[in-house]
Every structure is written in C-alpha cells, then in structure tokens.
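Novice: Following this message is one structure expressed as structure tokens.
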Amino acid sequence: MTTKSMLPIESLERSLKERFPNAIMSRDKPRKSSGAWYLEMALDGHPVIVQWQESKGFGISSSPEPGYGEGADEIYRDEEAAFGRIVSLLLSRTFTSPPPAVSLRELRKESRLSQAELAEILNKQQGEISKIERRRDVLVSTLSDYARAVQGELQIVVRFRDGRIRRVELEADDSLEVHPHSAVGNQ
C-alpha cells in the first residue's frame with residue numbers, strides 16, 4: 001500500500017478515501033518530526049481516530065464520547081492490519097474499548113520480567129520492587145522509571161466532570177508547585 005515518498009499514515013488515508021469516498025477526514029501533522037500524526041474520520045457520523053508514529057505503529061480509537069489525550073485503545077504495527085480494523089469498525093458501526101487498568105505487578109509479568117530482573121534494570125534490590133508493586137502511594141519518578149524498565153512510557157491524564165480529558169506533562173522546574181517527584185495516590 002505504501003509508496004516510497006508517502007508516509008504510512010498518508011497511504012492509509014488514501015486507501016480509506018478510496019474505500020469510503022463519502023467519509024469526512026482530516027489529518028493533523030505533528031509539531032515535531034518525531035511526534036504523532038492524527039487522522040480523524042467519520043462515516044455517517046461514526047467516528048474513528050487514528051494516531052500514527054514512526055516507531056509505534058497505528059493507534060486506533062472509536063468511541064461514542066469524544067475523548068482527547070487518552071491515547072489509543074488498540075495498537076497495530078502495520079498499515080494493512082490498521083486498515084482492516086478501521087474498515088471493520090466503520091462497517092459494523094462498533095466501538096473500541098480502552099484496555100483495562102492493570103497493576104504494576106501485571107505490567108512486569110506481561111513484560112516477562114521477574115522482580116529480580118526488574119530490580120537489576122532499575123539498580124534496586126528485589127525487595128524494593130516488591131514494595132513498589134504493593135504500594136498505593138508511589139512517586140511519579142518511580143512510576144516513570146518502572147514504566148521505562150518494562151519498555152513503556154508513563155502518561156498521566158486528568159478527567160474532568162464535563163468529559164474533557166487532558167494529559168498532564170510535568171516540568172522539571174523546581175519552582176513549580178507540582179513537580180516530577182510529587183507523590184501520586186492517596187494523599
């Protein structure tokens with residue numbers, strides 16, 4: 001599907017336009033070249049949002065409620081698989097579901113790491129990993145390190161009562177009231 005001069009997101013958009021000529025589509029370019037592209041589309045009012053980033057593949061979300069900053073519900077590594085899923089969502093008029101919440105222990109196990117192996121990666125003792133996994137109140141910096149160690153990225157989102165969702169980006173400025181080493185959880 002992809003031509004040499006066309007990015008995968010552009011090729012996907014072209015294929016979707018051919019398949020669904022009546023769909024409404026808009027593509028947003030990232031501010032930074034390493035950022036994510038977004039393709040928003042709707043067919044007869046049924047929405048699908050596609051997020052694409054060079055090293056991460058295609059993220060797909062479809063929800064009756066507008067949600068921004070939540071991240072994709074489903075991830076597909078190649079354009080063909082993403083195209084098939086989008087076609088299925090549009091034709092069946094169904095929605096994706098966000099992945100269920102998991103514990104730190106479950107994240108570690110999904111990454112096929114033992115506590116001892118994770119401790120080695122984080123330069124900690126195995127007992128410290130056990131404590132982190134059992135705590136309800138963990139430093140943001142600790143969560144971020146843990147996420148990177150299991151090949152992930154920590155994101156913090158705030159959901160407002162009016163339905164807005166915003167992703168929080170913590171700055172490393174010591175003069176800020178909320179800073180990267182603030183505790184998260186029951187305070």
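Derivation of every value follows stated rules applied to the coordinates shown; laboratory data play no part. Source: prediction; values computed, not measured. For neighbour counting, all protein chains shown are included, and Cβ atoms are generated from backbone atoms with ideal geometry for every residue, glycine included.
Novice: Divide the volume of the convex hull of the Cα atoms of the range 8-92 by its number of residues and quote the answer in cubic angstrom per residue.
Specialist: Expressed per residue, the convex hull around the Cα atoms of the range 8-92 is 89 Å³.
Novice: Another question, then. Which value, in debye to the nearest 20, gives the size of the charge dipole of the chain about its Cα centre, when Lys and Arg are +1 and Asp and Glu are -1 at the Cβ?
Specialist: 240 debye
Novice: Using only Cα atoms, locate the centre of the range 1-62 and the centre of the range 82-121, then give the distance between them in Å, rounded to an integer.
Specialist: A separation of 21 Å, based on Cα centres.
Novice: Work from the charge dipole of the chain (Cβ charges, +1 for Lys and Arg, -1 for Asp and Glu, about the Cα centre) and give the residue of VAL150, LEU170, LEU90 farthest towards its positive end.
Specialist: The residue sitting farthest along the positive end of the dipole is LEU90.
Novice: May I ask for the Rg/Rh ratio of the range 67-174, computed from Cα atoms with Rh as the Kirkwood radius, given to two decimals?
Specialist: So for the range 67-174, dividing Rg by the Kirkwood Rh gives 1.05.
Novice: Follow-up question, since we're still on this one. Rounded to two decimals, what is the ratio between the C-alpha radius of gyration of the chain and 2.2 N^0.38 Å?
Specialist: 1.21
Novice: Also, I was wondering about something else. Find which of ALA119, VAL50, PRO64 sits farthest along the positive direction of the dipole of the chain, computed with +1 on the beta-carbon of Lys and Arg, -1 on that of Asp and Glu, about the Cα centre.
Specialist: Towards the positive end, the residue furthest out is PRO64.
Novice: Tell me what the chain gives for mean residue ellipticity at 222 nm when only DSSP H runs of n ≥ 4 count, each as -39,500 (n - 2.57), the sum divided by the residue total, rounded to 500 deg cm²/dmol.
Specialist: Computed ellipticity for the chain at 222 nm equals -9500 deg cm²/dmol.
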